[in-house]
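Remarks on the structure that follows.
The values are calculated or read from the model by the stated rules, or taken from the named source; none is laboratory data. Keep in mind it's a predicted model, so treat the numbers as computed, not measured. Cβ placement follows ideal geometry from the backbone for every residue including glycine, while neighbour counts extend to all protein chains displayed.
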Amino acid sequence: MTLEGKVAIVTGSGRGLGLAYAQELARQGAAVVVNDVDEATAADAVASIEALGGRATAVVAPVGPTETAKQLVQTAVDTYGRVDILVTNAGVLRDTVLWKMSDDDFDTVINVHLRGTFTCVREAATYMRANEIPGRIICIGSPTGQRGNFGQTNYAAAKAGIVGMVRTWALELKKAGITANAVIPVAATAMTATVPYFAAAVEADEKGEPMPAFFRHDLGFGTSDDVAGLIAYLASDAAASVTGQAIGIGGDRLQLWSHPEAVATAYSDGGWSYDDLTTGFEEAVGTLQTVGEKFPPLPEDLQRS
Ligand SMILES: NC(=O)c1ccc[n+]([C@@H]2O[C@H](COP(=O)([O-])OP(=O)(O)OC[C@H]3O[C@@H](n4cnc5c(N)ncnc54)[C@H](O)[C@@H]3O)[C@@H](O)[C@H]2O)c1
């Protein structure tokens, strides 16, 4: 199985996870349209793919607006003749608690992640349908979108929204043979480098040393390259029947996330009145759901501050 003859677009692929995805897709034979807001980063990414013997070209433009989505698809078609694979990876953070989050913090994150995913997928899927290409749409979520996280209102909204859109697209694109999946990655990148909990893992990665097993195994936290294999797999013919899924990956760990389902169902004839609920809610629904990710305590030798 190979991606030879296929053409991929990877947004935000100048560095970090996106760069690893673009390199792995190229390694497996795909020609890649690299995208980033930073020109030098994008040029370096193209050079790194060419050094691997792959084919790549760069589009320097911010994901979010429809014009960028059009430019990405047009460049893929003009340069390599088609589009088979889209990975919507571009992302930024503007973390702060709800009561300090500005309109701009909210809009910036929603624009790049949620709107950027929507505009790029709309453009690529329209092209794939019109050209009868059984394409692959791979969108990037986050554990924060699945579970919530302190200080990430904007990011949680965007990432949960992305998984919601993927479920819808899996339904809408099924007849055209186009798959749509979400990948929920965890890796040492600029985005996670400042999280104190991961400091020992990031430190090892920066020194080129293997990350401690606690991170790779127990937390599913590894390098960007650890995530890239799943992207190439989902892009391949081997994954033709995998659609509508949210798949977690990082370090040595692979996970399939559930989609929300009702976990308790109870009935009250004539409906649930205020009185019915004040007396019967707890019994009717049982144990409440938890929120947030649970991290185990760091072993002492891996504590850094
Ligand atoms: N690192 C993790 O553990 C982790 C976990 C969950 C989700 N993610 C997601 O993975 C994706 C990549 O994250 P990363 O950790 O590699 O981050 P990163 O900051 O290292 O890389 C993001 C890249 O996107 C580019 N970018 C930012 N805004 C852009 C825009 N409007 N248009 C085009 N490019 C833009 C940046 O210049 C950068 O090169 C993001 O969507 C992020 O939310 C990362």
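Quick notes
- Breaking point among (1) of a type in the set (Gly, Ala, Ser); (2) out of contact with any strand residue (DSSP E or B) (no Cβ under 8 Å at 6 or more places or on another chain); (3) near the ligand (Cβ under 10 Å from one of its atoms), for ALA130: (3)
- Inter-residue pairs, beta-carbon under 9 Å, first within 24 Å of LEU230 (Cβ to Cβ) and in the range 141-157, second within 10 Å of the ligand (Cβ to nearest atom) and of a type in the set (D, E, K, R), 6+ apart: GLY141/LYS159; SER142/LYS159; PRO143/LYS159; THR144/LYS159; GLY145/LYS159; GLN146/LYS159; GLN152/LYS159
- Candidates VAL163, VAL202 - the one that is surrounded by 17 or more Cβ atoms within 10 Å (Cβ to Cβ) and within 14 Å of THR88 (Cβ to Cβ): VAL163
- Residue within the range 219-235 that is touching a residue at least 24 places away in the same chain (Cβ under 8 Å), crowded, with 16+ Cβ neighbours inside 10 Å and touching a Cys at 6+ places or on another chain (Cβ under 6 Å) present: no
- Sub-8 Å Cβ pairs linking a first residue in the range 100-126 that is free of Cβ contacts under 8 Å to residues at least 60 places away in the same chain and outside any helix (DSSP H, G or I) to a second residue that is surrounded by 17 or more Cβ atoms within 10 Å (Cβ to Cβ) and not polar (S, T, N, Q), at least 6 apart or interchain, are MET101/ARG94, ordered by first then second residue.
- If you go through the range 289-305 and keep only what is of a type outside the set (Val, Ile, Thr) and in a loop (DSSP other than H, G, I, E, B), you end up with GLN289, GLY292, GLU293, LYS294, PHE295, PRO296, PRO297, LEU298, PRO299, GLN303, ARG304, SER305.
- When the range 104-133 is filtered for residues that are over 18 Å from the mean Cα position of the chain (by Cα) and farther than 21 Å from VAL37 by Cβ, the ones remaining, listed by number, are THR126, TYR127, MET128, ARG129, ALA130, ASN131, GLU132, ILE133.
- Only listed residue being of a type outside the set (A, V, I, L, M, F, W, C) and assigned to a strand (DSSP E or B), chosen from THR2, THR41, THR57: THR57
- The set of residues in the range 173-190 being loosely packed, with under 15 Cβ neighbours inside 10 Å and either modelled with pLDDT under 95 or not in a helix (DSSP H, G or I) (or both) consists of GLY177, ALA190.
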